[in-house]
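Below: the structure, in structure tokens.
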Amino acid sequence: MKREQAAHIDELVRAASGHGSRRDAIIEASWRRCVNEHNLDPVVLRDPCIVTHARLREHQEAMDEFLHTARFGVETLYREVAGLGYVLLLTDAKGITVDFIGDPTFDSNLMRAGLYLGADWNEPHAGTCAVGTCIATGEALVVHQSDHFDATHIPLTCTAAPVFDPSGALAAVLDISALHSPQPKESQYLALQFVKSVAHKIETAHLLNRFRREWIVKLAPSPEFADVDPAYVLAVDGSGRILGFNNRTRQLMMRELECRPALADGRPLAGRPLSEFFDLQVDDLPRLMPSRPASQRMVRLALSGTPLFAQAQQPPARVASPSPLAPAPVLPKPLEALTCGDGAMLEVAARAAKLVNTQMSLLICGETGTGKEHLAKAIHAASGRAGKPFVPVNCAALPETLIEGELFGYEPGAFTGAAAKGKRGLVMEADGGTLFLDEIGDMPLTLQTRLLRVLAEREVTPIGRTRPVPVNIRVIAATHRDLIAEVKAGRFREDLYFRLSGGVLALPALRQRADLDWLVARFLAERGGVLRVPFELSGEARAALHAYAWPGNIRELANALDYACAVAGDAVIAWDDLPDRIRHAAPVATGPCGTAPVALLAGSSAVGGMAAGGTSPDERGALLALLAAQRWNVSAVARALGVDRTTIHRRMRRLGITSPRHGDEGGN
């Protein structure tokens, strides 16, 4: 044990015994909790606890909506501190790190220190630390070097702020940490202000997203900031009841209750009338719209009389819910053109339509030939980047020795054989548009590190250049591989996987789709237009196409129809015009009504979508068929659908399906 660690342990033991210390009161109180309540031994040096990938996914799925809102704030904060040696952690309310950004160059050091995705920083396990002590106290704080309880954490400096949900409960903790820092604790106070500011912005954004169809009231102490940077934000329903608020508003209302203790009766703040805290009724809100000068929008706190300046945001007009027979929502034309009536593809297109203009990266999964690039192009064409470049990169086709220069570009004379004028690189070519990384699972590990930095910082450094170049790109990646399995095998970076999978779209295989005839008609029309022949299928040829399993999916279908059109004697494509492998193939196994059971569930398989998606009339029967086919082995069904088995269990409970094994978990 090092001398400084031994001295730290001696000080900690004395403080925990009640002899006092030179530490801040919040640190000293945490030390006593660690010894007296958590039963932590200060002499024991603990290794960091990194939870399993399955547990991490459970924690992330539990706060999926919040993570999507928080990600922009997380990346914004990292850009503010990039280059200063910090890593950024976002944990859930239990202290599990669910998002992480750091310099990939120092990955091994960060993992050894526990500054990594999946790390458990709860105080009962890790002792005094910024995240754990923030969870315990609900306060933003700096835990600097020897403030930490565990002597192995002495080199670290950690600064954390709580992020609360709209009801006032702790939702997450935002933390920036560094492996090395100046000795004075005061060196981290500016970092503390950064973290508190971004945590406030995240919880306010989450509130606005959650209650975007309700009245939003924003308040500031001065009229100059009422419309620019309001400190207090709350949501109000049409009857004047408070629905949610950010933490500064919660603190404001709690101070008001101190003025009249009789009202501090333990009732939650949410659900109370607006007039209990402000001299406002819901009918007064229209006069607080931004069309009036801020100086004329003064309101007072009901109990203390403190003046504030308000801005009210009116809820959007309510749209009547469509009847069950109403048509499905209209999709953007490029996405609508991907299918004709297949439920799984319609669900993929509908989900993609919601993501077209977000900044998050997308990951498209599916077997080879399912149309991943077509979907990526449709998303690009439906987005605000439609007039900008769409740059496809086949990560499996580029030689490993050339891929770095092709992706990131290089300066003139950067290496032997470099072009005299240098090269911009595909990332820079995609500036303003979309970079499509096909077969991302085949990218070498060394390049994954550089790509991670591009995604995190939105800048690229060409070979031979010392200063990075900012780029404005939307990244869509695609793979036929199981990237989670690749991560477990050490062939794909876990942090890159989570950076790419802001939204995951899973394309069904062709054998699982119900629109084969539409696809065939579309291909035949295209080929017939070129050859000026109105091609159509004979009954026997159509039956053969339906009976085939299509391991090569849509690409194989296109090739087969090209062949059939070329050898057909006239406009009618007969059975013997088809390729041999299709004519002599065994029939594909189908479920009820000739539909592969997995097709009915394929659209729900992406990122826990089964748990959140709606229920089709055939969904219960399809899941029952899959379970029966796998002899009620839930793990086998989960593998077939590409989801965790916990997702299957949730779907079974929702559909009222009970295993005949009566709770026997064997094989599940």
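FYI, it's all coordinate maths here, none of it is from the lab. Source: prediction; values computed, not measured. Neighbour counts run over all protein chains shown; Cβ positions are idealised from the backbone, glycine included.
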Next on the checklist: Tell me the Kirkwood radius of the stretch 3-202: reciprocal of the mean inverse pair distance over distinct alpha-carbon atoms, in Å.
Outcome noted: 16.8
Next on the checklist: Net charge within 14 Å of VAL427 by Cβ-Cβ distance, Lys/Arg positive one each and Asp/Glu negative one each, not counting VAL427 itself?
Outcome noted: +2
Item to check | Full-stretch length increase - VAL533, VAL44 - with 0.36 nm per residue and alpha-carbon distance subtracted | outcome: 168.0 nm
Next on the checklist: Can you report the principal axis dimensions of the stretch 247-323 using only the alpha carbons, biggest first, rounded to whole angstrom?
Outcome noted: 47, 38, 21
Item to check | Rg followed by Dmax, in Å, when the stretch 333-506 is reduced to its Cα trace | outcome: 16.4, 55
Checklist entry - More than 16 Å apart: what percent of Cα pairs in the stretch 83-168 qualify? => result 51
Next on the checklist: Of ALA414, LEU84, VAL217, which is farthest towards the positive pole of the chain's charge dipole, taken about the Cα centre with +1 and -1 on the beta-carbons of Lys, Arg and Asp, Glu respectively?
Outcome noted: VAL217
Item to check | Least to most buried among SER197, SER108, SER501 (fewest other Cβ within 10 Å first) | outcome: SER108, SER197, SER501
Checklist entry - Per residue of the chain, what 222 nm ellipticity follows from adding -39500 (n - 2.57) for every DSSP H run with n ≥ 4, rounded to the nearest 500? => result -11000 deg cm²/dmol
Checklist entry - In the stretch 248-319, with Lys and Arg counted as +1 and Asp and Glu as -1 at Cβ, which of these residues, LEU269, PRO307, ALA317, has the Cα nearest the positive end of the dipole, that is, farthest along it? => result ALA317
Item to check | Whole-angstrom Cα spans of the stretch 510-583 along principal axes, big to small | outcome: 32, 21, 19
Checklist entry - With a 10 Å Cβ neighbour count serving as the proxy for reagent exposure, in which order, fewest first, do TRP575, TRP121, TRP215, TRP31 appear? => result TRP575, TRP215, TRP31, TRP121
Next on the checklist: Whole angstrom only: what separates the Cα centroid of the stretch 187-229 from the Cα centroid of the stretch 239-313?
Outcome noted: 16
Item to check | Share of Cα-Cα pairs in the chain lying beyond 44 Å, as whole percent | outcome: 35
Next on the checklist: Within 10 Å of each candidate Cβ there may be at most 12 other Cβ atoms; applying that plus a DSSP loop requirement, which GluC sites (Glu not before Pro) in the stretch 3-38 survive?
Outcome noted: GLU37
Next on the checklist: Charges on Cβ only, +1 for Lys and Arg, -1 for Asp and Glu, centred on the Cα centroid of the chain; of VAL454, VAL471, PRO551, which one is farthest towards the dipole's positive end?
Outcome noted: VAL471
Checklist entry - Taking only Cα atoms, what is the 0 to 90° angle, nearest 10, from helix 53-62's long axis to the longest principal axis of the chain? => result 80
Next on the checklist: Can you give me the convex hull volume of the Cα atoms of the stretch 130-183, divided per residue and expressed in Å³?
Outcome noted: 68
Item to check | Exposure proxy order (Cβ contacts within 10 Å, fewest to most) of CYS340, CYS365 | outcome: CYS340, CYS365
